[in-house]
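Coordinate-derived values only; no laboratory data. This one's a predicted model, so the numbers in the text were calculated from it and none came from an experiment. Ideal geometry is used to build each Cβ from the backbone, glycine not excepted, and the neighbour counts take in all protein chains shown.
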Amino acid sequence: MERKAVTTSEAPIPKAPYSQAIIANGFVFVSGQVAIDPKTGEPVHGSFEDELKLALNNMKAILEAAGSSLDKVVKVTIFLADMSNFPKLNEIYRQFFPEPFPARTTIQAQPPGGFQVEVECIAML
């Protein structure tokens with residue numbers, strides 16, 4: 001099985017030893033995305049809603065660079081610093097993912113860098 005790294009300037013370029021995504025066996029595995037401005041590489045700490053939308057847009061850009069899209073996502077994992085944001089998460093999530101919704105796991109955990117949310121996914125090509 002061959003692995004291919006995905007890289008796009010439309011999403012934050014990693015500053016640590018990981019790829020934005022890896023394509024393998026007909027799937028795209030997208031690394032966790034947080035609210036980092038892809039143009040500047042700087043963190044964008046704001047409201048939960050703003051952080052989540054930026055993280056999801058970064059994920060979308062990586063998927064598109066890989067030749068996939070949000071409607072091909074089969075699994076999403078979300079890390080929330082504060083579970084009280086769960087209702088807001090669901091409201092915004094519906095704006096990004098069409099039905100049938102992907103399988104999803106939401107975990108309470110502190111994303112790195114003091115972000116409120118981190119999102120990763122697996123999608124079909």
Problem set entry | Under 5 Å, built H, 5+ apart or other chain: amide partners of Ser31 | Ala21, Ile22
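Just want the ordering: Glu99, Glu118, Glu91, from fewest to most Cβ atoms lying within 10 Å of their own Cβ.
Details: Glu99 6, Glu118 24, Glu91 11.
If I rank by nearby Cβ atoms, fewest first, I get Glu99, Glu91, Glu118.
Two-decimal Rg/Rh of the chain from alpha-carbon positions, Kirkwood Rh?
Working: Rg = 13.6 Å, Rh = 14.4 Å.
Radius of gyration relative to Kirkwood radius: 0.94.
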Seminar exercise, completed: Per the helix-only model, the chain has a calculated mean residue ellipticity at 222 nm (DSSP H runs of ≥4, -39500 (n - 2.57) each, divided over all residues, rounded to the nearest 500) of -8000 deg cm²/dmol
Seminar exercise, completed: Projecting the Cα atoms of Ala11, Gly41, Ala21 onto the charge dipole of the range 1-64, where Lys and Arg contribute +1 and Asp and Glu -1 at Cβ, the residue farthest towards the positive end is Ala21
For this session: Considering the options Leu70, Phe115, Asn85, tell which one lies farthest towards the positive end of the dipole of the chain, charges being +1 on Lys and Arg and -1 on Asp and Glu at the Cβ, about the Cα centre.
Result: Leu70
Exercise. Expressed as a rounded percentage, what relative contact order does the chain have, with Cα pairs under 8 Å and six or more residues apart?
Worked result: 31 percent
Exercise. What is the calculated FRET efficiency for Gln110 to Glu10, with r their C-beta to C-beta distance and R₀ = 22 Å, to the nearest 0.05?
Worked result: 0.25
For this session: Would you work out the charge dipole size for the chain about its Cα centre, treating the Cβ of every Lys and Arg as +1 and the Cβ of every Asp and Glu as -1, and quote it to the nearest 20 debye?
Result: 320 debye
For this session: Take every DSSP beta bridge with both residues inside the chain and express the antiparallel ones as a percent of the total, to the nearest 5.
Result: 80 percent
Exercise. Which lysines, on any chain, are close to Lys53 with Cα under 16 Å apart, when same-chain ones fewer than 8 places away are left out?
Worked result: Lys39, Lys88
